[in-house]
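The values are calculated or read from the model by the stated rules, or taken from the named source; none is laboratory data. Quick caveat, the model's predicted, so the values are computed rather than measured. Cβ placement follows ideal geometry from the backbone for every residue including glycine, while neighbour counts extend to all protein chains displayed. Keep in mind that these areas ignore ligands, DNA and RNA; they rest on the heavy atoms of the full protein, side chains included. Shrake-Rupley method; radii C 1.70, N 1.55, O 1.52, S 1.80 Å.
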Amino acid sequence: MDDEPTLDKAPRRATMKDVAARAGVGLSTVSRVVSGKGGVAPAKVRAVEKAVRELNFSRNDSAHTLRTGSSAMIGMVVTNISDPFFSALIKGVEGRARERDLVVLVTSVTDAADEAERVIKRLLRRSLDGLILVAPEGADLAFLGDHPDTPVVFVDQPPSDHVTADLVVVDNEGGAVAAVEHLYTAGHRRIACFAHESGRYTSVRREAGYYQALKRLGLPADRALVVSVEDDVNVCAEALLELARLPDPPTAIFSTNGRTTRALLGAQRLLASRLALVGFDDFDLAELMDPPTTTIAQDPVAIGAAAAELLLNRIDGRSGPTQRITLGTRLVERGSGEQPPHHD
């Protein structure tokens, strides 16, 4: 009779006990070295690290979660991961998380509120240590109250009234004021505002800063100079043509976000327009434009780091009232915002 085929058995996974035996130390020593807690003599650390390499040991994170209540992972939701702003924001969060040996689980959602709600609920089922959210406006996140042990930090825009959480934003109004005042200094008195339609929280506040600057400078608030646009070159071109038909057309533009600024630059090239421009949000190609684009720059890496710091403090047990951090902006002069008025 032929021998029956045998199934190869998967090699047994090395355990902490195996590492301890190989290194000649106790289990608690191995645990401290593997989790990076410190307080272990250098010679023992080297012995444990050598045993870990020889046995190809890796920590069982499922068991670690059950034992400690920590998944060593935080979640992050953004609304447009392809936007350089959000890519840099993620970088800032990951930098702080890496210092704590935490993994960041990142997911991107559209501006649809119901999609964001589904995604966040699924993340909460993963026993994450915490969440950082850039949530679409209109999302009903009241269910976060059902997870009091999972700290949450909001970024870029606050949660709705029925959700209480820490928050990191930038000084949207102050940045807009700086942009308009800069154009005024260059000689402009008719300054248009191109406000982005998506992300109404930031758009509304930057538009409010635009009006604050006009009032401060003694300029009339002409609603005809304020247009709400999609991030589309053709839409921006049509808006520019409408503005050019006004009896007293603008000589300069303040744009309220980076995507709108890029669409506006395309529209100006299409129409051979020569309006001065300052855009809120810096972007990679700003220096390569003709003329280079003057911007109001945020620091998304710093924003992400601040959000991560707030979250880590909550994970570490900090209680007390919610915190709101507002980071400043800076004017980056490159040429487009320094052009004097052109009167055709």
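Key figures for this structure:
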quantity	calculated
Qualifying positions in the range 223-234 - among the charged types (D, E, K, R) and surrounded by 13 or more Cβ atoms within 10 Å (Cβ to Cβ)	Glu230, Asp231, Asp232
Residue match in the range 186-202 (condition: over 27 Å from the mean Cα position of the chain (by Cα), modelled with pLDDT of 95 or more and part of a strand (DSSP E or B))	yes
Ala178 in contact (Cβ under 8 Å) with a residue 12 or more places away in the chain and assigned to a helix (DSSP H, G or I)	yes
Matching entry among Ala302, Ala276, Ala308, Ala297 (being open to solvent by less than 10 Å² (accessible area, probe 1.4 Å), over 24 Å from Pro249 (Cα atoms) and in contact (Cβ under 8 Å) with a residue 40 or more places away in the chain)	Ala308
Search result, residues across the range 153-185 that are surrounded by fewer than 20 Cβ atoms within 10 Å (Cβ to Cβ) and more than 23 Å from the chain's Cα centre (by Cα)	Glu181, Tyr184, Thr185
Selection from the range 311-337 of residues that are loosely packed, with under 15 Cβ neighbours inside 10 Å and over 22 Å from Gly92 (Cβ atoms)	Gly317, Ser319, Gly320, Pro321, Glu333
Residue that is at pLDDT 85 or above, open to solvent by 30 Å² or more (accessible area, probe 1.4 Å) and over 22 Å from Asn313 (Cβ atoms), where the choices are Ala41, Ala63, Ala20	Ala41
Candidate set: the range 261-273, residues that are of a type in the set (A, V, I, L, M) and either over 25 Å from Arg189 (Cβ atoms) or in contact (Cβ under 8 Å) with a residue 12 or more places away in the chain (or both); chosen: the one surrounded by the fewest Cβ atoms within 10 Å (Cβ to Cβ)	Leu270
Lone qualifier among Pro220, Pro250 - being surrounded by 15 or more Cβ atoms within 10 Å (Cβ to Cβ), out of contact with any Asp or Glu (no Cβ under 7 Å at 6 or more places or on another chain) and not aliphatic (A, V, I, L, M)	Pro250
